[in-house]
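Report on the following structure.
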Amino acid sequence: MSTSRVIVVGGGYAGVMAANRLLTGKDVEVALVNPRPTFVDRIRLHQLVGGSAPAVRPYAEVLNERVRLVVDTVESIDAGARTVTLGTGVEQGYDYLIYAVGSRSAHLGVPGASEHTFPLAELEQAERLRTRLAELPMDAPVTVVGGGPTGIEISGELAEAERRVTLVTGRLGAVLSERGRRSTASALRSLGVTLLDGATVAEVEERAVRLGDGTRLSSAVTIWTTGFATPDLAATSGLATDAAGRLLTDETLTSISDPRILAAGDAADPSAQPLRMSCQAAIPLGLQAAETVLSRLADRRPRAIDSGFNAVCLSVGRTRGIFQPTHADDSARSWDVPGRPGAWVKESICRAVAWGLTVEARHPGRMMWTHDRSRADRVVQARADQTEAA
Ligand SMILES: Cc1cc2nc3c(=O)[nH]c(=O)nc-3n(C[C@H](O)[C@H](O)[C@H](O)COP(=O)(O)OP(=O)(O)OC[C@H]3O[C@@H](n4cnc5c(N)ncnc54)[C@H](O)[C@@H]3O)c2cc1C
């Protein structure tokens, strides 16, 4: 039997899990391409900014030594020739490719946002923000735009470090239950965060933010956290993507444009029913993409994805947080664990993520995931709805 070459593009949670899991196959050679020589634990980037934890780990801790790490960027994918071209100009061939390029910040076209804000989606952005904050006096006004998980977490982290934070959001913690939203708002306020819930930002200036109602807030640094967008590599390589740039796949995570290309993590959109961009989804999707490749190599029928959610968990500084259990389809349950116990659960989950990556690196094949048995029904229903609407 000849050796099969698999290239994994992107060394985040999904790519690392996929690369390690692929080693359970026979005669599989795995290369992982990533622009940085170290693994970025993105779920701790707000902590890197606040100074409470690092967010970088050596790949040696999370990647099995049999995976070849290529520190470079994939500039284009030629699906016909089954090659990728790297930033250095080198071409590499593959039998299968797993597309796991993750996500980056989204600007949503608010005037001044690109020029005058500090996004918080990537390592270099977090480092730039930390440097900027270090130049400012402690009482300099900081504005956080966006009240999703990242906006809540960075607001809590900075307020606990005694920064003067205003959080502007259309709706705080939309992923939480009403009860969860209330307790998160109260945790933020108790740290001194000024919460403008139900507000919009119309324009960002160098040292100010103008709201939709005309109010002008002085802002020495404006942090932008209104959501994630995905890199355009798939689209520029001629592969079918959704409007957000995620690679469109079937339920086995195989690209609808090419059977040798699969996707996982934030950059995947299975059946136009994408999972919430999260580490929680990226890890099982990485494992499942690898399992699909291994099934194809072994002439077995690949399984449909069935990974689901079990919770949303947010820190509000180091001593407060919320653990919000969800149904497998990601809708919030009615109960939650707020306060110090919530913070403890969140920290335990972050540690468990790191531990899980290490376990799969040392013993490929060990990691399991949460199952969502109702996903198949929802996808069938969504397709039926689309057909009816058409
Ligand atoms: C501050 C913050 C806190 C978060 N907290 C949580 C949380 O508590 N829970 C949760 O579930 N999620 C959380 N998330 C979201 C989570 O981090 C992402 O959903 C997750 O990282 C997605 O994993 P991924 O493997 O798809 O992509 P990523 O982790 O983004 O990894 C993608 C990798 O691909 C690389 N890459 C990109 N383009 C190329 C290319 N052309 N060639 C080669 N490599 C490329 C990138 O540099 C990166 O290393 C948080 C995010 C942030 C920013």
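Report the one residue of P270, P259, P54 whose Cα lies farthest in the direction of the positive end of the charge dipole of the chain (charges on C-beta: Lys and Arg +1, Asp and Glu -1; origin at the Cα centre).
P54
Tally Lys and Arg at +1 and Asp and Glu at -1 over the other residues with C-beta under 13 Å from the C-beta of S190: what net charge comes out? Walk me through the intermediate numbers first.
Details: positive: R182, R189, R320, R340; negative: E160.
Taking every other residue near S190 into account, the sum is +3.
Given Cβ point charges of +1 (Lys, Arg) and -1 (Asp, Glu) and nothing else, what value in debye, to the nearest 20, does the dipole of the chain about its Cα centre take?
Numbers: 43 positive and 45 negative charges, 221 e Å.
In total the dipole reaches around 1060 debye.
Roughly speaking, what is the centre-to-centre gap between the stretch 17-82 and the stretch 311-349 when only Cα atoms are used, to the nearest Å?
So the two Cα centres are separated by 27 Å.
Considering only T131, S155, V168, whose Cα is most displaced toward the positive end of the charge dipole of the stretch 129-174, charges sitting on Cβ of Lys, Arg (+1) and Asp, Glu (-1)?
V168
Suppose every Lys and Arg Cβ carries +1 and every Asp and Glu Cβ carries -1, with no other charges. What dipole size does the stretch 177-292 come out with about its Cα centre, to the nearest 20 debye? Intermediate results must be reported in sequence, preceding the final value.
Numbers: 10 positive and 14 negative charges, 124 e Å.
In debye, rounded to 20, the stretch 177-292 gives about 600.
Express the accessible area of the chain per residue in Å², computed with a 1.4 Å probe while the remaining protein chains stay in the model. Working shown, then result.
Working: 16840 Å² over 390 residues.
Ligands and nucleic acids excluded, the figure is 43 Å² per residue.
Net charge around G109, counting only other residues with Cβ within less than 14 Å of its Cβ (Lys, Arg = +1; Asp, Glu = -1)? Don't jump to the answer; show the numbers that get you there.
Values: positive: none; negative: E115, E203.
Residues near G109 contribute -2 overall.
Taking the DSSP beta bridges in the chain as the whole, what percent of them are antiparallel, to the nearest 5? Don't jump to the answer; show the numbers that get you there.
Values: 32 of 68 bridges.
Roughly 45 percent of the beta bridges in the chain run antiparallel, per DSSP.
At most 13 other Cβ atoms within 10 Å and a DSSP loop assignment: could you name the GluC sites (Glu not before Pro) in the stretch 74-178 that fit? Mind showing how you got there, number by number?
Numbers: sites: E75, E91, E115, E122, E124, E127, E135, E153, E157, E160, E162, E178; in loops: E122, E162.
For GluC sites (Glu not before Pro) across the stretch 74-178 that sit outside H, G, I, E and B with at most 13 neighbouring Cβ atoms in 10 Å, the list reads E162.
Among 349-359, 37-47, how do they line up by average Cβ neighbours within 10 Å per residue, starting with the highest?
37-47, 349-359
Can you pull the percent of the stretch 107-224's accessible area that's carbon plus sulfur, 1.4 Å probe, other chains left in place? Let's see the in-between values first.
On the way: 2480 of 5130 Å².
In the stretch 107-224, the share of accessible area belonging to carbon and sulfur is 48 percent.
For the stretch 328-390, what class follows from the C-alpha gyration tensor (a ≥ b ≥ c being the square roots of its eigenvalues): rounded when a/c is under 1.5, otherwise prolate if a/b is larger than b/c, else oblate? Before the final figure, lay out each step's value.
Working: a/c = 3.99, a/b = 1.54, b/c = 2.59.
Here the stretch 328-390 falls in the oblate category.
Could you give the C-alpha radius of gyration of the chain expressed as a fraction of 2.2 N^0.38 Å, taking N as the number of residues it contains?
On the way: Rg = 21.1 Å, N = 390, 2.2 N^0.38 = 21.2 Å.
It is 1.00.
What number does the stretch 107-224 give for Rg over Rh if you use C-alpha atoms and the Kirkwood radius? Don't skip to the end; give the middle numbers.
Working: Rg = 13.3 Å, Rh = 14.2 Å.
Ratio of gyration radius to Kirkwood radius for the stretch 107-224: 0.94.
Just add up the charged neighbours of V90: K/R +1, D/E -1, any other residue whose Cβ is under 11 Å from the Cβ of V90. Could you put the intermediate results ahead of the total?
Values: positive: none; negative: D72, E75, E91.
After counting each charged neighbour, the total is -3.
The values are calculated or read from the model by the stated rules, or taken from the named source; none is laboratory data. Computed from a predicted model, the values in this text were never measured in an experiment. Don't worry about glycine lacking a Cβ; one is built from the backbone with ideal geometry, like all the others, and counts go over all protein chains shown. Surface accessibility is based on the protein's heavy atoms, side chains included, excluding ligands, DNA and RNA. Shrake-Rupley method; radii C 1.70, N 1.55, O 1.52, S 1.80 Å.
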